[in-house]
């Protein structure tokens, strides 16, 4: 497992490998990964979300990257399909993003 | 998806799940074998809280969860943590406390992570203390409040042990004291009231005790070195484990308790002994310790001042005694003693300045003390001569040829610098200026100055220190000489161009601008025809250069080279013009009486006596005197001594100068009167209206840089100006003065 990558696993078992930096956009994930006296996962860099579906998780990962881009000054659009909106919001709340 | 298929989680059910997680956490903290939390565990716990807080009413359990959070912590503390702590004491207590505190912090962190959803919305909405604050408050209220007394005592006893030389665990103390700080959650209240106050008191008591022990056992230097050691250690303590805010307070208490008692140790005689014995180390130490409390430096500075004053006064007395021991006024010896005195004063200055710089680290109090001390004894004068005069004479000796000091260029510069520095302490600076000017005139006119460059350099130094006014006349004098030299060159050219104007004698004229030079009596010396011609020739020449200038001839300052045709050989005599005039009389007569000489020369008795003495009763007897006594009386008769001879072919016959001292002092007093007048008018012109006392004060202030005016004199001048209609008294308020334009 590379140093600065983490793996996010959806309810269906899909694995999304993203930059740690991107994942840290979520406070929840950040808390988990930076907690000392640690979780077993901190070494492995894997987080399972048994309650989040793959589609949503994928969208979330995209959001992470978009957020980083936006922070560094680039003004781009983040397109959300309307069907996903509600679930996406709930997930965002859950992940504190 | 979580939303759609969510089952309402009932409180007991949800809490039960949470409780398992919390118990697992506690076990981990206690060191029991438990697998670590996996991220799944975490997510589940987090999610449980999340769900329970976002359910619709009445299933929104946020408040209960918040309360349960607190309860869990409290329960853990009361059941597990406190009992462990209560049974321990001293160092063990401290260790346990630190361990428990660290654990507590970890627990709070984990629990906050589980419950963090509450932090985001519930707590903010209700403005409740955050999870972290709640956790901290629990610890503080349940644990800290119970045991802080015991903890404090344990810490203080460890500190005292360290003071006695034992090794203690500093890291432990630091950790414990950090707790005191952290418990305050941003404020230092707990640290200060629960720990610091007691610690300071203990320190005070400790050092009080130490001080009494040491005073009875140790000498002053030992006491001081021990004190300094302790100071260093206390400083060390602050940097290693005490909180930085305690630093100043601790040192304050330290110096108060340790040094206050020992105020008696440092009585004047004690420190004086240190100064006398040159115990630089000890003095520096005293300074370092006392500088903790600036108030205490004052007595030390006072004592320093007294010591310096005493040393200075001793020097003055020494010089006075030496002067009064001389039975006759042997000029050289007197001069020598004056020289020695000034040299010693300079040495004294150097020595004590070094103290101020090195021991007392240039502290302003000590500079002031030094200044005041020097002012006291330097303004007393020695054996009738004021110090101003002595300094001027000293400079003269350095700067003139054949002076008693033979110094290298550097040494000369250095010494002159010191003189300028000492001058600061003298209140009659104008007196010094006048004496210096007089002596400078002699040096310049009789070509006695060692080095023109040094003269200029000294004037520059004086100018830098005391302003342009101080040295303007003297600089004028030096410039005059340069101009004169140029003048002389053109005069010689003029002579070579006009052969009929040639007076037949080699003749040099130095033209002095009256304002710059000291005033000299001009006398109507009857000069011989040859000399008269010289004077006329020069006058003509000078008319061609400038008009509207009047030349007054000062014969008393001239020198003459004259050939004495003695029987054995011809010797060239270097004499003053007066002496030359007298000798030339003997070209026409062999014998002359005192009265005849006086009549022919047209000089005063004083002058005649002096010059005849130098020619007949001094080292070289050019004239024979009847009777052959050592003094001149108006009935003496003089004869040319044709039998006179000497090894040398050229001799200088010294004519001692008149003692100018009285005149200088008179001049200065006169100038002061004018200066006071000018100052008064200046002040009144700008103020228009001023109270009497204030005017006097302002006057003294303004003139202070040159001399210390006598208040009575100032008052007299004010009255004088009133009669001269420069000022007037106000009709209603006689103490108010008005300026009359």
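Values quoted throughout were computed directly from the atomic coordinates according to the rules given, and no laboratory measurement underlies them. Just so you know, these numbers come straight off a predicted model, no measurement behind them. Cβ atoms come from the backbone with ideal geometry, glycine included; neighbour counts cover every protein chain shown.
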Under the helix-only model (-39500 (n - 2.57) for each DSSP H run of 4 or more, divided by the residues of the protein assembly as shown), the mean residue ellipticity at 222 nm, to 500 deg cm²/dmol, is -20000 deg cm²/dmol
Shape of the protein assembly as shown from its Cα gyration tensor (a ≥ b ≥ c, root eigenvalues): rounded if a/c is under 1.5, otherwise prolate when a/b > b/c, or oblate? prolate
Take every Cα pair under 8 Å in chain A that's 6+ residues apart, average their separations, divide by the length, and report that relative contact order as a whole percent. 33
Any idea what the relative contact order of chain B is, in percent, if you count C-alpha pairs under 8 Å spaced at least 6 apart? 6
Between region B:480-496 and region B:79-126, what is the separation of their alpha carbon centroids in Å? 103
On full extension of the chain, what length is gained from residue B:694 through residue B:20, given 0.36 nm per residue of separation minus the C-alpha to C-alpha distance? 233.6 nm
Rounded to one decimal in nm, the spacing of the 7 Å Cα→Cβ label points at residue B:407 and residue A:20 is 7.5
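Could you tell me the calculated FRET efficiency between residue A:62 and residue B:198, based on Cβ-Cβ distance and R0 = 51 angstrom, to the nearest 0.05?
Values: r = 61 Å, r/R0 = 1.19.
According to the calculation, E is roughly 0.25.
How do B:723, B:415 line up, fewest other C-beta atoms within 10 Å first? Display every interim value, and only then the final one.
Values: B:723 8, B:415 18.
Lowest to highest Cβ neighbour count: B:723, B:415.
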Which residues in region A:45-85 have a backbone N closer than 11 Å to a point placed 7 Å from the Cα of residue A:7 along the Cα-to-Cβ line? A:45-48
Evaluate the distance, in nm, between pseudo-label points positioned 7 Å from the Cα of residue B:291 and of residue B:505 along their respective Cα→Cβ axes. 7.0
Starting from 0.36 nm per residue, how many nanometres of slack lie between residue B:464 and residue B:659 once their C-alpha separation is accounted for? 67.1 nm
For region B:358-421 versus region B:575-652, the gap between their alpha-carbon centres in whole angstrom: 41
Simple SL model, points at 7 angstrom along Cα→Cβ for residue B:530 and residue B:209; separation in nm is 10.2
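At R0 = 30 Å, how high is the FRET efficiency between residue B:587 and residue B:488 if r is their beta carbon distance? Nearest 0.05 is fine.
Values: r = 28 Å, r/R0 = 0.93.
Using R0 = 30 Å, I get an efficiency of 0.60.
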Computed lengthening from residue B:278 to residue B:479, 0.36 nm per intervening residue step minus Cα-Cα distance: 67.6 nm
Can you tell me the Rg and the Dmax, both Å, for the Cα atoms in region B:661-739? 12.9, 47
Rounded to 10°, Cα long-axis angle of helix B:529-545 versus longest principal axis of chain B: 50
Helix A:85-95: inclination vs chain A longest Cα principal axis, degrees, rounded to 10, gives 30
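Which whole-number percentage describes the relative contact order of region B:11-187, with Cα contacts under 8 Å and a sequence gap of 6 or more? Walk me through the intermediate numbers first.
Details: 110 pairs, mean separation 44.5, N = 177.
Dividing the mean separation by the residue count of region B:11-187 yields 25 percent.
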Helix B:220-240 versus the longest principal axis of chain B: what is the Cα-based angle in degrees, 0 to 90, to the nearest 10? 40
What average count of beta carbons from other chains do you get within 10 Å of the Cβ of residues in A:48-59? 3
Determine the shape class of chain A: with a ≥ b ≥ c the square roots of the Cα gyration tensor eigenvalues, call it rounded for a/c under 1.5, and otherwise prolate if a/b is greater than b/c, oblate otherwise. oblate
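Can you figure out the FRET efficiency of residue B:343 with residue B:160, using R₀ = 51 Å and their beta-carbon distance, to the nearest 0.05?
Working: r = 56 Å, r/R0 = 1.10.
Step by step, r from the Cβ atoms, then E = 0.35.
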